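The values are calculated or read from the model by the stated rules, or taken from the named source; none is laboratory data. Keep in mind that what you see is a predicted model, and the values were worked out from it rather than measured. As a convention, Cβ positions derive from the backbone with ideal geometry for all residues, glycine included, and neighbour counts pool all protein chains shown. Side chains are part of the model used for accessible areas, which takes the heavy atoms of the whole protein and leaves out ligands, DNA and RNA. Shrake-Rupley method; radii C 1.70, N 1.55, O 1.52, S 1.80 Å.
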Amino acid sequence: MLQWMRGAQSWMIKGVLWAVVSAFVLTIFYQWGVQSGGGGPSRSEVATIYGQPVNTREFQRTQNSLYQRYRSIFRGQLDQDLQQRFNFREMALEQLATRALLLRLAQQYGLVITEQELYDHIASMVPFQDQGRFSTARYQAVLRSQVPPVTPHQFEREQQQDLLLQKVSSVVTEGIHLLDSEVQLAYQRDNAQVAVRYVTLTTSQFEAQVTLSEAEIQAYFETHRETYRAPEQRQLRYVALALQRFTQPYEPGTDEIQAYYTRHLETFQHQEQARARHILFKVGSVASAEQEAQVRAHAESVLAALKNGEDFATLARQHSADPATATQGGDLGLFPRGQMVPAFDEAAFSLPPGQLSDLIRTPYGWHIIQVEDHIEAGTRPLTEVTTEIRSKLQEEKARDAATTFVDDLLAALEANPRQFVALVQKQGLEVLTPPLLAATGYIPGLENVPDLVQRAFGLPELGVDVLQSKEGTYYIFQVAEIRPSVLQDLAAVQDQVNNAVRAQRSGELASQQAETWLTSLQAGTPLADLATSLSLPVVETGLFKYRDPIPQLGRQAEFSRVAFGLAVDAAGVAHEGTRHFVLQVLDKRPADMQAYETDKADYRKRLLEQKRQQATMAFQQFLQAEYQKMRKQGDVVVNPQ
């Protein structure tokens, strides 16, 4: 315990690297220590991870933290859309398991957190500061206000774990370096240019040539029969309990309101914030010095126009390369300090409202910023939030009554699952029975609780569970019947199989035609003559770089790989899904190595960042694979109830 911290009254892992661990580290106050234990989860536990139990409160805090984080990222998106898009229940379980895995890795690498590192970390947290300085009294008061209260020892242990997780992420990229020869080769590859002519063959052009036989269809069906398996279906029944059912006449007293305010003081605090507009002049990650200069000149001309009194929002709509804000006149809304990249953040929080910035360079390009408002960090006074707290307390009262009712009813249903209908009807509740559904289906009218179907498919027949929607409605549901997955007869999926066989055959014909044309092209037949036989156009691309979108095609990795691997006048074939390209190189130009000498430092920096991103992605994939392995090996055991 940091006694010396509590006795005092005064006193990269950023960007991409932080993203590795931020997906697994919970925000402050949402997760506390892991209890010891072993075996499978008990009734009161959601799961066990490495034999240690995860209780319901811990799991719900994790899930709520994830939901709030994604809600802030996808601002403006409906809660229902978020619930459909993300499986927060599974994400919470994976986050807790990955946290445990990362802590084991920290132990394996012998990583430790010193008391000074821990002190500096906690002292920098805004909720524990008074007028910008760490306050022991505020620190202890905020921890006591948590529900349930958190001891300093408990909190410091958790923060120490979080710092360890950050250190694990640094191990991923510490050893990444670039040789000069590696940088030069990458520059030559990325800045060389090629021009080709090509013809596109698609599978649809050959469908008319395909004749299907019954034997061929039957053989394909037998080989791919599992693909056409009818999924398991389940018959559910459920009841809905709206929170309003439990609303009671209740007027909180002054003392209760004051106590709530003290317990939840951090929820009434706000960080320092700025409201700003910006105009982005985008610079590509592999832009040359000449391209950079062109973009900067454009930005300087717009800045000059702004200084001459032209309207910022109008020029943002005309010039900004940020599609998310350009149509809004560059308006970024309110954002806290630390949310933007460092150079942008520093400018936005140092400018007074109404003032223009100079040109600001970030990894995205050049920016012009205009700050419209600046809100200092602070705490809303009790008088301002009394009505809000009163409503919260009344809602808590209703939730407590609802929780008691639901717990009692759920216990009765679990003890007598065959009496589901009779027991709920005895309480004056209506039993609803939706149509049979598969695991990928949904219940009409319950789109706001997408986890219900997934939870139902984790229950045994007659199993009972409960979910609560964001609005507070409880849904108690039961699996009334399970119809297992079955292999279907060919007659039931005849059209699907016919289409699959036709697509496969036409794809083979298109690929064979491309290879035949390549042989003819290499033998001296002009590409235009080959294309004429099928009335297809010959397209010329003009010069493009390895990572550039190909004119009229967009990004085609295989096309670029083949084109840059050929000599002038040589021909090749690129297969991309349902499209097959026969191409011939018209021109090749090496990278400008004089420009390389000027761009080398910036290019090295960008290339190193790319390699670190690749390492980060590989680490994320490793963690995801390890999580799946933990599930299979029984290191993560989920409570079926």
In Å², nearest 10: area of ARG85 left accessible to a 1.4 Å probe: 140
Would you list which lysines come within 25 Å of LYS307, measuring only between C-alpha atoms, while excluding same-chain residues fewer than 8 positions from it? LYS282
Positive end of the charge dipole of segment 251-367 (Lys, Arg +1 and Asp, Glu -1 on Cβ, about the Cα centre): tell me which of SER301, GLY365, ALA347 has its Cα farthest that way. SER301
From most to least accessible, 1.4 Å probe, no ligand or DNA/RNA atoms counted, HIS177, HIS153, HIS319, HIS367 line up as HIS177, HIS153, HIS319, HIS367
Residue-normalised accessible area of segment 90-169, given per residue in Å² at a 1.4 Å probe: 44
Calculate, for segment 514-641, the solvent-accessible area per residue in square angstrom, rolling a 1.4 angstrom probe over the heavy atoms of the protein chains. 57
Please report, largest first and rounded to whole Å, the three semi-axes of the ellipsoid equivalent to the chain, where each semi-axis is the square root of five times an eigenvalue of the C-alpha gyration tensor. 50, 41, 25
Percent accessible area from carbon and sulfur atoms, segment 161-300, protein chains only, probe 1.4 Å: 49
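Where the only charges are on Cβ atoms (+1 Lys, Arg; -1 Asp, Glu), what is the dipole of segment 247-399 about its Cα centre, to the nearest 20 debye?
Numbers: 14 positive and 22 negative charges, 51 e Å.
Here segment 247-399 has a charge dipole of around 240 debye.
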Lysines within cross-link reach of LYS588: Cα-Cα under 18 Å, excluding same-chain residues under 8 positions apart? LYS545
If you put +1 on each Lys and Arg Cβ and -1 on each Asp and Glu Cβ, how big is the dipole of the chain around its Cα centre, in Debye rounded to 20? 740
Cα gyration tensor category, rounded, prolate or oblate, for segment 240-373 with a/c compared to 1.5: prolate
What whole-number distance in Å separates the alpha-carbon centres of segment 89-158 and segment 208-248? 46
Rank GLN552, ALA398, ALA287 by how far each Cα sits towards the positive end of the charge dipole of the chain (+1 on Lys, Arg Cβ; -1 on Asp, Glu Cβ) and give me just the farthest. ALA398
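Let's see if you can work this out: charge +1 on each Lys and Arg Cβ, -1 on each Asp and Glu Cβ, no other charges. What is the dipole magnitude of segment 123-270 about its Cα centre, in debye to the nearest 20?
Numbers: 13 positive and 18 negative charges, 90 e Å.
For this selection, approximately 440 debye.
Kindly give Rg over Rh for segment 140-268, based on alpha-carbon atoms, with the Kirkwood expression for the hydrodynamic radius.
On the way: Rg = 33.4 Å, Rh = 25.9 Å.
So for segment 140-268, dividing Rg by the Kirkwood Rh gives 1.29.
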With no solvent and one equal point scatterer placed on each C-alpha of segment 289-348, evaluate the Debye formula and give log10 I(q)/I(0) for q = 0.13 Å⁻¹, two decimals. -0.43
Is the C-alpha gyration tensor of segment 354-477 telling us rounded, prolate or oblate? Criteria: a/c under 1.5 is rounded; beyond that, a/b larger than b/c is prolate, otherwise oblate. oblate
Cα gyration tensor of segment 440-542, axes a ≥ b ≥ c as square roots of the eigenvalues: rounded (a/c below 1.5), prolate (a/b > b/c) or oblate? prolate
Rounded to the nearest 10 Å², what accessible area does MET91 show when all protein chains are kept and the probe is 1.4 Å? 50
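If I stretch the segment between THR211 and ASP373 completely, what's the gain in nm (0.36 nm per residue apart, minus their alpha carbon distance), one decimal?
Working: separation 162, 0.36 × 162 = 58.32 nm, distance 6.95 nm.
Full extension from THR211 to ASP373 adds 51.4 nm.
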Excluding residues fewer than 8 places away in the same chain, name every one of the lysines whose C-alpha is closer than 26 Å to that of LYS397. LYS426, LYS470
Note: GLN614 to SER181 extended length (0.36 nm per residue) minus current alpha-carbon separation gives 153.9 nm
